[in-house]
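Novice: Please see the structure below; I have some questions.
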Amino acid sequence: MRFKELHIPEKVLEGIRAAGFTECTPVQAQTLPEALRGRDIAAQAQTGTGKTAAFLIAIFSRMLAVPSPGRGPSPRALIIAPTRELVIQIAAEAKLLGGHSGFRIVPVFGGIDYQRQREEITKGADMLIGTPGRLIDYLKQKVYSLRKTQFLVIDEADRLFDMGFISDLRFLLRRMSPYDKRQSMLFSATLSNRVLELCYEHMNMPERFTVTPDKVTVEKIEQEIYHIGESEKPGLLFGILRREPAGRYLIFCNTKSAAERLEVLLNANGLTSAAITGNLDQKKRLKVLSKFRDGTLPILAATDVASRGLHIDGVTHVINYDLPQDPEDYVHRIGRTARAGAGGRAISLACEEYVHSLADVEEYIRQKIPVMPLTEEMIVTNYRKVFRHDGKKAYSPLKKGPHHPHRKEKPTRTGNKSLGHKNDGHRRPEKKKL
């Protein structure tokens, strides 16, 4: 189905052409006809299949067709997403698709100038896109209202549950216009019972869609797995990177410390890389993601903070340096490649610490991940070792030898000189017993 076959206003079609879209993806072909009629939507679809464009095209078309409730503090559309990265990605796509429609789009999330965001909202917003915490903060201050909001989108609903945002989400929904006075859309990679309960509670008899239910992972992703010891994982990773140096790699670790150690190790061996973790400053995170997105940074190490919501075209490889312990995280991680119809590879390293989750992953995706043969030639051994196996530093640049000019010699303690006693290194005389 082509977009021009649908009842989409010309201004929105201009935005679609500017984005380079011509044909609908399966989730768009299924949901758009009903959403354009004003029906509520609850859709399950694989990550990277065009969910964001589906609800944005529907909202912009409906905003042009439905009369505005008038000027006031309520945005016409509210989009709730679980992470900052997803908010940024939705806002960027919204400005591209809605650029010719004249709507004012304001993203709201933590980690950047609080007062500036507040001022942007007070100027008025047609579409407000944000994370639950920051949205609630401004709502409690009465910076804006939701009483006349006409359109609602809940994106990555299952992730909102996983991250503990359900009470925040219900707080926002209880302060919105009645469910039969607005159009609501919910999109999620999985429609669990708790997500469906939210639909029935706060939506108006939504049309339910499940796209490709028999295939949880994208078909064009080539999946493979290596069974390897923990101590050999760095060597195999270097082997993979050396065999295919032209790729753009997103490497996932299960912990913040593992991602940070991997960043240091890769850079120490001449491979330009960076790491994004949950506690990274927002400005630094945006800068790193921008470099990775434009291709100037070829390797990005990350925790699961990056597994959802990042739409970065051109990611050729996703490497699970640590096999995820949650099967759903596996699907979201590898969904960062093979986006918008492109191909991609997902390589997992199953070590003794995390291999126990493999059976759950394969049961969830309903397929066996092909096990690849491993030879000694594939494992690089002559790389510069920065950390010992226990994670401690193996070397320090300022400790190359005992007489290194930048190294300050630690004074040798003799006797009790450090305590200020001048006894030439002799032991302090014991007090005589009285």
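Coordinate-derived values only; no laboratory data. Remember, predicted model here, so these are calculated numbers, not experimental data. Glycine also receives a Cβ, built like all others from the backbone with ideal geometry; neighbour counts cover every protein chain displayed.
Novice: For V315, V66, what's the fewest-to-most ordering of other Cβ within 10 Å of each Cβ?
Specialist: Going from least to most buried by this count: V66, V315.
Novice: Just subtract the alpha-carbon distance of K4 and D162 from 0.36 nm times their residue separation and send over the number in nm, one decimal.
Specialist: 53.1 nm
Novice: Right, another one. Roughly what % antiparallel, to the nearest 5, for the DSSP beta bridges in the stretch 3-210?
Specialist: Around 0 percent of the beta bridges assigned by DSSP in the stretch 3-210 are antiparallel ones.
Novice: May I pose another question? Tell me, D329, D162, D313 in order of fewest to most beta-carbon neighbours within 10 Å?
Specialist: Numbers: D329 20, D162 16, D313 12.
Fewest-to-most Cβ neighbours within 10 Å comes out as D313, D162, D329.
Novice: Would the stretch 221-378 count as rounded, prolate or oblate if I go by the C-alpha gyration tensor, calling it rounded below 1.5 in a/c and otherwise prolate when a/b exceeds b/c, oblate otherwise?
Specialist: Since a/c stays below 1.5, the shape of the stretch 221-378 is classed as rounded.
Novice: Here is a follow-up. Got a sec? How would S348, S273 order by Cβ neighbour count within 10 Å, fewest to most?
Specialist: With the fewest neighbours first, S348, S273 line up as S273, S348.
Novice: Another question, then. What shape does the stretch 186-293 take by its C-alpha gyration tensor, where a ≥ b ≥ c are the square roots of the eigenvalues and a/c under 1.5 counts as rounded, a/b above b/c as prolate, and the rest as oblate?
Specialist: prolate
Novice: Dipole magnitude of the stretch 221-378 about its Cα centre, charges +1 at Lys/Arg Cβ and -1 at Asp/Glu Cβ only, in debye to the nearest 20?
Specialist: Numbers: 19 positive and 22 negative charges, 187 e Å.
That gives a dipole near 900 debye.
Novice: Please tell me the relative contact order of the stretch 221-378 in percent, rounded to the nearest whole number, where contacts are Cα pairs under 8 Å and at least six residues apart.
Specialist: After rounding, I find 35 percent.
Novice: Could you give the length gained on full extension between S68 and R118, defined as 0.36 nm per residue of separation minus the Cα-Cα distance, in nm?
Specialist: Full extension of this stretch gives 15.7 nm more.
Novice: Peptides 229-237, 2-10: what's the order by average Cβ count within 10 Å, highest mean first?
Specialist: Packing order, densest peptide first, comes out as 229-237, 2-10.
Novice: May I ask you to list the trypsin sites (Lys or Arg not before Pro) in the stretch 107-185 that are in a DSSP loop and have at most 12 other Cβ atoms within 10 Å of their Cβ?
Specialist: K123, K142, R174
Novice: Efficiency by 1/(1 + (r/R0)^6): what FRET value for E376 and R174, r their Cβ-Cβ distance, R0 = 51 Å, to the nearest 0.05? Display every interim value, and only then the final one.
Specialist: Values: r = 61 Å, r/R0 = 1.20.
Computed FRET efficiency for E376 and R174 comes out at 0.25.
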